[in-house]
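The values are calculated or read from the model by the stated rules, or taken from the named source; none is laboratory data. The model shown is predicted, which means the values in this text are computed figures rather than measured ones. Cβ placement follows ideal geometry from the backbone for every residue including glycine, while neighbour counts extend to all protein chains displayed. These accessible areas exclude ligands, DNA and RNA; they are computed on the full protein's heavy atoms, side chains included. Shrake-Rupley method; radii C 1.70, N 1.55, O 1.52, S 1.80 Å.
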Amino acid sequence: RNQCPGERNHLWRTMCDHGLAAIFVLTAMTSSSANIPSALDVKFPLAYMQSSFVTGHSDGVDCPGQGIMWQTLTSEERLDRLRRYALNSTSFRGGEMFINTMETAAARADVREMNRLILQVAEETKTGPFYGFWIPSRLPGMWWPANYSTQPDSYRAKALMSNGKPWVQYPTGCATSTSILNLQGTDLDITNTEVVSLAMQNLGQVLRADCYPTTDCVGPLVGSYLFSEAALTPPYMPFSTFPYSAKDAPQFGNVSDLQPPGIDGQPPLLRMGNATLLYSDDKVVFSFYQGPKRTAPLFSLSARDSFAKYCTSRGHPNVTTLPADRNEFNDDDHLVSLPPHVKFVPLSDTELWSLWEDWVMQTWFDYCAVTIATVNAAQAENPYFGGAFYFQLAGWYSIRGRAKRPVTYQWRDFNDTLREQVDEVVAQWPNYDDMNPVVKGQDLEMFANASWLSGWIHEASHGVPMIGVHPPMLTPREVRDRYIMASDRHHHFVNAQGTMAREIMESRDKIFGAFSRAAFISDPTYRGPSVADTLTVPSFAQMWNYSTALLKPKIVATLGDFRFVRFSDAATPPLHDVFEQLFRELNTTA
């Protein structure tokens with residue numbers, strides 16, 4: 001306790017005060033390493049492929065499904081792919097590296113082998129090692145039922161149901177369709193220092209670069225940590241869980257927050273309106289992308305204590321309960337009963353709600369900081385690993401301070417004419433609240449100030465940027481895409497927010513990246529082939545010109561390696577040549 005540094009984040013200070021986690025003293029003192037690993041020959045702009053490899057396969061883990069969405073590659077198949085990346089068949093020099101699980105010796109050995117192959121190919125080809133963006137989001141010892149079913153209730157994060165009762169949260173499920181993508185605030189109660197300490201100790205043990213026996217850890221990783229769409233609160237899906245869907249597993253706690261259902265099986269009427277209609281309208285506040293404030297997993301007793309302590313530090317010692325918005329709950333007062341540590345607070349009390357918003361942002365940031373400190377400490381002796389990147393969708397992260405000052409950005413109209421918006425104050429844009437999803441917990445400027453963050457990758461694609469944009473029944477698909485990309489909403493989320501994000505990153509000597517979309521925009525009104533259809537060459541170039549080229553990123557990410565990378569001697573993939581041409585032009589400009 002005497003060794004705890006004084007200037008650390010709130011969660012850190014709390015843990016040190018309670019003497020719970022000696023490991024964090026080491027991790028924080030070693031987490032200010034270089035943003036880019038010293039042994040990697042990295043040149044920017046850098047292109048990387050999302051979902052490039054899945055490691056950590058699951059022999060012996062008694063969870064029925066592991067969320068494996070890509071084929072399992074043999075060592076020879078991995079070597080062949082790495083060699084094709086290295087030998088200039090593509091500009092891609094890195095990729096997302098999923099770790100399916102780290103629960104077993106076989107899974108950890110699989111991760112270790114992947115990194116050995118990366119360095120083997122680098123030595124063979126005399127090229128820089130393939131840059132891994134590592135996603136170990138399933139916390140060892142914490143995420144599968146055999147773990148959390150035996151843990152105390154205080155370890156579980158709590159949100160609130162529409163009837164006011166605690167909505168207990170659990171880690172990502174075990175169904176084969178579940179994602180291995182996200183670190184989330186629902187995995188555990190991130191305000192409970194005891195469970196966070198336990199989770200970080202487990203994570204630090206298995207992610208060590210060196211251990212004996214070697215089967216106890218994954219060994220040295222090559223690249224950086226990636227917070228891939230990580231968020232405090234996951235997507236809001238009230239109708240995809242019990243009792244409104246039979247496709248879930250209520251035995252694992254997966255139940256809807258809309259309680260109780262009516263005798264007709266429909267959800268209760270909310271004070272803010274009909275939940276079914278709210279979920280399907282053109283507003284973001286009650287949608288898949290951004291749920292109500294009460295769905296943030298920060299309504300436990302330890303969250304109450306954390307909030308009260310935060311308010312005291314901000315000069316408000318009399319705050320002793322968590323706030324709730326009455327509009328988000330059942331309309332019938334007889335169907336609502338809040339826990340004693342939560343009170344309804346009118347939205348007109350802007351001072352308290354502002355405090356709550358700041359605390360939510362700080363709480364998620366603190367948890368991410370402790371996570372990356374643990375990872376970097378575990379890999380501290382490894383010159384091939386360091387830093388962290390954050391990849392996030394437009395509309396799933398907030399820019400609060402910078403948005404209050406004028407910004408100048410470029411966008412293209414429907415006729416492909418380049419436009420320049422001069423000195424717009426984005427915080428005054430009528431739809432700015434959609435740009436500040438508090439329940440996601442991510443203040444970009446807060447992360448940008450962290451010494452451990454290497455860069456931010458702006459997902460300039462589907463989702464929030466196109467909600468409420470209804471293109472006429474134009475054909476071909478390229479024309480419909482252009483209608484959406486030229487819309488006021490899309491160019492604010494993609495171009496204005498992206499421009500601010502780039503300025504924030506570059507002003508702090510960090511790296512800004514952007515996602516280059518490779519599929520048609522998800523337009524639910526279109527009655528043609530799947531939205532996952534690959535873009536044609538002209539439509540990919542159009543998308544690039546409307547967003548990627550204007551944002552001037554140092555990193556470009558895209559999805560679907562079979563569309564870009566020649567993994568065999570067969571025909572050239574459909575987007576290989578156009579990507580190479582456009583990426584070279586971006587490289588020349590940079």
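Close contacts from the range 568-583, counting a first residue that is under 13 Å from Thr558 (Cβ atoms) and a second that is open to solvent by 60 Å² or more (accessible area, probe 1.4 Å) and not in a helix (DSSP H, G or I), with Cβ to Cβ under 8 Å and a gap of 6+ residues or different chains, come to Pro573/Arg566; His576/Arg566. Looking at the range 67-84 only, could you name the residues that are modelled with pLDDT of 90 or more and open to solvent by less than 50 Å² (accessible area, probe 1.4 Å)? Matches in the range 67-84: Ser75, Arg78, Leu79, Arg81, Leu82. Residues in the range 486-501 that are open to solvent by less than 40 Å² (accessible area, probe 1.4 Å) and among the charged types (D, E, K, R): Arg489 only. Provide a single number: the residues in the range 84-131 that are touching a residue at least 60 places away in the same chain (Cβ under 8 Å), within 24 Å of Tyr212 (Cβ to Cβ) and in a loop (DSSP other than H, G, I, E, B). Total satisfying the criteria: 1. Residues in the range 254-283 that are surrounded by fewer than 18 Cβ atoms within 10 Å (Cβ to Cβ) and of a type in the set (Gly, Ala, Ser) were compared, and the one that is nearest to Pro346 (Cα to Cα) is Gly273. In the range 325-337 there is at least one residue matching the filter, namely being in a loop (DSSP other than H, G, I, E, B), open to solvent by less than 30 Å² (accessible area, probe 1.4 Å) and either without any contact (Cβ under 8 Å) to a residue 12 or more places away in the chain or within 20 Å of Cys311 (Cα to Cα) (or both).
Quick check on Asp59: is it at pLDDT 90 or above, of a type in the set (Asp, Glu) and open to solvent by 10 Å² or more (accessible area, probe 1.4 Å)? No. Check the range 288-302 and report whether any residue there is in a loop (DSSP other than H, G, I, E, B), open to solvent by 30 Å² or more (accessible area, probe 1.4 Å) and not basic (Lys, Arg). Within the range 288-302, one or more residues are in a loop (DSSP other than H, G, I, E, B), open to solvent by 30 Å² or more (accessible area, probe 1.4 Å) and not basic (Lys, Arg). Could you list, in sequence order, the residues of the range 108-158 that are open to solvent by 20 Å² or more (accessible area, probe 1.4 Å) and touching a Pro at 6+ places or on another chain (Cβ under 7 Å)? Those that are open to solvent by 20 Å² or more (accessible area, probe 1.4 Å) and touching a Pro at 6+ places or on another chain (Cβ under 7 Å): Leu119, Lys158. Take the conditions within 27 Å of Arg81 (Cα to Cα) and of a type in the set (Gly, Ala, Ser) and apply them to Gly204. Does it pass? No: the conditions fail for Gly204. If the condition is being of a type in the set (A, V, I, L, M, F, W, C) and more than 30 Å from Pro171 (Cα to Cα), then the range 101-123 contributes Leu117, Ile118, Leu119, Val121, Ala122. Does Thr417 qualify as being among the hydroxyl-bearing types (Ser, Thr, Tyr) and surrounded by 23 or more Cβ atoms within 10 Å (Cβ to Cβ)? Criteria not met by Thr417. Among residues of the range 463-482 that are closer than 26 Å to Ser287 by Cα, none has a beta-carbon under 6 Å from a residue that is hydroxyl-bearing (Ser, Thr, Tyr) and open to solvent by less than 10 Å² (accessible area, probe 1.4 Å) at least six positions away or on a different chain. Of all residues assigned to the range 558-574, at least one qualifies as being open to solvent by less than 40 Å² (accessible area, probe 1.4 Å), acidic (Asp, Glu) and within 26 Å of the chain's Cα centre (by Cα).
When you look at Ser507, is it modelled with pLDDT of 95 or more, more than 16 Å from Gly95 (Cα to Cα) and out of contact with any strand residue (DSSP E or B) (no Cβ under 8 Å at 6 or more places or on another chain), yes or no? It is true that Ser507 is modelled with pLDDT of 95 or more, more than 16 Å from Gly95 (Cα to Cα) and out of contact with any strand residue (DSSP E or B) (no Cβ under 8 Å at 6 or more places or on another chain). The condition of being among the aliphatic types (A, V, I, L, M), outside any loop (DSSP other than H, G, I, E, B), within 25 Å of Thr186 (Cα to Cα) and more than 21 Å from the chain's Cα centre (by Cα) holds for Leu278. The set of residues from the range 464-485 being surrounded by fewer than 20 Cβ atoms within 10 Å (Cβ to Cβ) and in a loop (DSSP other than H, G, I, E, B) comprises Gly468, Val469, His470, Pro471, Pro472, Met473, Leu474, Thr475, Pro476. Please list, ordered by first then second residue, the pairs with beta carbon atoms under 9 Å, 6 or more apart or interchain, first in the range 510-525 and in a strand (DSSP E or B), second modelled with pLDDT under 80 and among the hydrophobic types (A, V, I, L, M, F, W, C). As it stands, the answer is Ala519/Val531; Ala519/Ala532, since those pairs meet every condition given. Restricting Asp423, Asp433, Asp416, Asp358 to those that are of a type in the set (Asp, Glu), farther than 26 Å from Glu194 by Cβ and within 24 Å of the chain's Cα centre (by Cα) reduces the list to Asp433. For Ser348, the stated conditions hold: it is without any contact (Cβ under 8 Å) to a residue 12 or more places away in the chain and surrounded by fewer than 24 Cβ atoms within 10 Å (Cβ to Cβ). The residue that is nearest to Arg208 (Cα to Cα), among those in the range 132-160 that are in contact with a Gly (Cβ under 7 Å, 6 or more places away or on another chain) and in a strand (DSSP E or B), is Trp134. Take the residues of the range 95-145 that are of a type in the set (S, T, N, Q) and modelled with pLDDT under 95: which is nearest to Asp41 (Cα to Cα)? Applying the filter and picking the extreme gives Thr127.
Selection of the range 389-413 for residues being of a type in the set (Val, Ile, Thr) and open to solvent by less than 40 Å² (accessible area, probe 1.4 Å) yields Ile399, Val407.
If we scan the range 356-375, do we find a residue that is of a type in the set (A, V, I, L, M), modelled with pLDDT of 95 or more, within 17 Å of Leu453 (Cα to Cα) and in contact with an Asp or Glu (Cβ under 6 Å, 6 or more places away or on another chain)? Yes, the range 356-375 has at least one match.
Met200 meets the conditions (1) in contact (Cβ under 8 Å) with a residue 40 or more places away in the chain; (2) in contact with a Phe, Trp or Tyr (Cβ under 8 Å, 6 or more places away or on another chain); (3) assigned to a loop (DSSP other than H, G, I, E, B); (4) open to solvent by less than 30 Å² (accessible area, probe 1.4 Å) in every case but one. The failed one is (3). Out of His491, His458, report the one residue that is closer than 19 Å to Ala230 by Cα and either in contact (Cβ under 8 Å) with a residue 60 or more places away in the chain or in contact with a Gly (Cβ under 8 Å, 6 or more places away or on another chain) (or both). From the options His491, His458, the qualifying one is His458.
For Thr178, the requirement of being over 18 Å from the mean Cα position of the chain (by Cα), at pLDDT below 95, among the β-branched types (Val, Ile, Thr) and at negative phi is not met.
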